[in-house]
1. Of all the residues that make up region 57-85, how many are part of a helix (DSSP H, G or I) and either open to solvent by 50 Å² or more (accessible area, probe 1.4 Å) or under 19 Å from Phe139 (Cα atoms) (or both)?
2. Is there any pair with a first residue in region 23-43 that is more than 16 Å from Phe66 (Cβ to Cβ) and of a type in the set (Gly, Ala, Ser) and a second that is open to solvent by less than 50 Å² (accessible area, probe 1.4 Å) and modelled with pLDDT under 90 whose Cβ atoms are under 6 Å apart and which are 6 or more apart or on different chains, and what are they?
3. Would a scan of region 53-67 turn up a residue that is of a type outside the set (Phe, Trp, Tyr) and at pLDDT below 85?
4. Filter region 128-137 down to the residues that are without any contact (Cβ under 8 Å) to a residue 24 or more places away in the chain and touching a helix residue (DSSP H, G or I) at 6+ places or on another chain (Cβ under 9 Å) and list them by number.
5. Looking at the structure I just gave you, is Ile5 closer than 27 Å to Trp116 by Cβ, modelled with pLDDT of 85 or more and aliphatic (A, V, I, L, M)?
6. Considering each residue of region 111-123, count those that are part of a helix (DSSP H, G or I) and surrounded by 13 or more Cβ atoms within 10 Å (Cβ to Cβ), and give that number.
7. Among the candidates Ser97, Ser157, Ser53, single out the residue that is open to solvent by 20 Å² or more (accessible area, probe 1.4 Å), touching a residue at least 60 places away in the same chain (Cβ under 8 Å) and either more than 23 Å from Thr19 (Cβ to Cβ) or of a type in the set (A, V, I, L, M, F, W, C) (or both).
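The values are calculated or read from the model by the stated rules, or taken from the named source; none is laboratory data. If you're wondering where the values come from, they're calculated on a predicted model, not measured in any experiment. Cβ placement follows ideal geometry from the backbone for every residue including glycine, while neighbour counts extend to all protein chains displayed. Heavy atoms of the whole protein, side chains included, go into the accessibility calculation; ligands, DNA and RNA do not. Shrake-Rupley method; radii C 1.70, N 1.55, O 1.52, S 1.80 Å.
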Amino acid sequence: MTKTIERAEHHSITSDRFTNSMVAAASSTCFLHFVLTIFYFIIKVPEMWIYSSTTFFLFLLWRKLFKNNWIKTPFVLGSINVGIGIIMANYFIGWESNFNIYFIILPSALLIYTGWKNWERAIYLILVGTLYVVLFLTFSNFTAVYDINSEILKYVSMVNTLSAGGMLIIILFFFN
């Protein structure tokens, strides 16, 4: 009987930690998309400006849903949004911008939450992996719609790598 109680208590603590980490991740993503909105406005990529400004408000909503312990819905919607953002960034700006680095966040956040059933986790990981391979094959030799200065793309790539790493650190920090 005590092992059952300990398991339930452990699951509750883990769920609370994951909720806190997802609230923090959604907050940091709001900030990131606010900065991206300004960036896309400056470099004159209107499609990405609309996407990032919309995403800013969506992550505010999803942050609220995470706070209210709606875990799976905002997680899945946020994952779809990340996939759409990566596709759009690669299409309009180019593969060199390194927006694909955000794929790292999707499986890592999924693996630390214990509330997923094994079949849900497996399907999600298969879908994310397949999407990444398809994107790589599609966009690695694709010429972007907008011609962005290669020097700017180097900095964008660096910022994307740092922000993806920062989000992972935020998720793990608030999880622990």
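1. Total meeting the criteria: 17.
2. none
3. Looking for residues that are of a type outside the set (Phe, Trp, Tyr) and at pLDDT below 85, one finds at least one in region 53-67, hence yes.
4. Once the filter is applied, which keeps residues that are without any contact (Cβ under 8 Å) to a residue 24 or more places away in the chain and touching a helix residue (DSSP H, G or I) at 6+ places or on another chain (Cβ under 9 Å), region 128-137 yields only Gly129.
5. On the way: closer than 27 Å to Trp116 by Cβ: yes; modelled with pLDDT of 85 or more: no; aliphatic (A, V, I, L, M): yes.
For Ile5, the condition - closer than 27 Å to Trp116 by Cβ, modelled with pLDDT of 85 or more and aliphatic (A, V, I, L, M) - is not met.
6. Step one: of region 111-123, the residues part of a helix (DSSP H, G or I) are 111-112, 118-123.
Still in the list and also surrounded by 13 or more Cβ atoms within 10 Å (Cβ to Cβ): 112, 120-121.
Going through region 111-123 one residue at a time, the tally reaches 3.
7. Ser157
Here is a yes/no grid of residues against (1) open to solvent by 30 Å² or more (accessible area, probe 1.4 Å); (2) part of a helix (DSSP H, G or I):
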| residue | (1), (2) |
| --- | --- |
| Ile87 | yes, yes |
| Asn90 | no, yes |
| Ile101 | yes, yes |
| Pro107 | yes, yes |
| Leu125 | yes, yes |
| Val128 | no, yes |
| Thr143 | yes, no |
| Ile148 | no, no |
